[in-house]
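Colleague: To start, I am sharing the structure in question, which I have written as C-alpha cells.
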Amino acid sequence: MKKEIRQSSIAAFITAGIGGILTALGIFLIVSFNDIIPGVFFGVLGATAIIVTICVWKKFKDKPLTVKAIGIIALSMLSPLLIGVGLGMVLSWGLVPFGAVALALGIAGLVFLIPMIKGFKSKSIKEEKQ
C-alpha cells in the first residue's frame, strides 16, 4: 500500500530547500567573494525561510513549539554557519587558529544535536541482562 504525500509536506520540503539554498548562497558569497552585505542578507533570508517553515510545519502537525525545539533549530542553523565561517577563515583569510576554533565549535554543535534530538536512553544493568 502506497503512502500518500500531503501537500503540506511538499510545500514544507520546497520552502525548506529554498531556505537552505539561500543560506548556503549567503555563506558562499561571504567566504568566496568577501561580499559581506549581500552574504549576510541572503543568509538571514534563508534562515528566516527555514524558521518560518518549521513554525508552519509544527502548526500543521498540531505540535507546540517548545523551548527544546527552538534550541534544536538554533543549534542546527548555527553549527553549519560556524563551519562555513571557519572554513572561510582558514582557506580564504588565513586566520588558521580562529578558523580551527570555529570549525571545532561547529562540528561539536552538530555532534551535540544527536543526543539533543534523540535523547538519552538509560538502561540499568539488570535490564541489559534480560
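Colleague: In whole angstrom, note down how far apart the Cα centers of the stretch 17-37 and the stretch 77-117 are.
Modeller: Going from one Cα centre to the other spans 16 Å.
Colleague: Counting each DSSP H run of 4 or more residues in the chain as -39500 (n - 2.57), what helix-only mean residue ellipticity at 222 nm follows after dividing by all residues, to the nearest 500 deg cm²/dmol?
Modeller: -28000 deg cm²/dmol
Colleague: With springs connecting C-alpha atoms under 10 Å apart, model the chain as a Gaussian network and identify which of 85, 67, 52 has the largest mean-square fluctuation.
Modeller: Residue with maximal mean-square fluctuation among 85, 67, 52: 67.
Colleague: Most mobile of 65, 110, 81 per a Gaussian network model of the chain (Cα springs, under 10 Å)?
Modeller: Largest GNM mean-square fluctuation: 65.
Colleague: From the phi angles alone, apply the Karplus equation (6.51, -1.76, 1.60; θ = phi - 60°) to the stretch 72-84 and give each ³J(HN,Hα) in whole Hz, x where the residue is Gly or Pro.
Modeller: Rounded to whole hertz, the list is 5, 4, 4, 5, 6, 8, 6, 5, x, 5, 5, 5, x.
Colleague: Considering the values (1) 11.8; (2) 10.8; (3) 12.5, which represents mean projected area of the Cα convex hull in nm² as calculated for the structure under consideration?
Modeller: Checked against the structure: label (3).
Colleague: Over 21 Å apart: what share of the alpha carbon pairs of the stretch 1-74 falls there, rounded to a whole percent?
Modeller: Here the long-distance tail beyond 21 Å is 39 percent of all Cα pairs in the stretch 1-74.
Colleague: Using θ = phi - 60° and the Karplus form 6.51 cos²θ - 1.76 cosθ + 1.60, what ³J(HN,Hα) does each residue of the stretch 25-33 get, whole Hz, x for Gly and Pro?
Modeller: Each residue of the stretch 25-33 in turn: 5, x, 5, 4, 5, 5, 6, 7, 10 Hz.
Colleague: Then there is this: HN-Hα J couplings of the stretch 35-48 from phi, Karplus 6.51/-1.76/1.60, θ = phi - 60°, integer Hz, Gly and Pro as x?
Modeller: 8, 5, 5, x, x, 5, 4, 5, x, 5, 4, x, 5, 5
Colleague: Mind checking which of 24, 12, 47 has the largest fluctuation in a GNM of the chain, springs on alpha carbons under 10 Å?
Modeller: Looking only at 24, 12, 47, the largest GNM fluctuation is found for 12.
Values in this text are rule-based calculations from the coordinates and carry no lab data. Note that this is a predicted model, so its numbers are computed, not measured.
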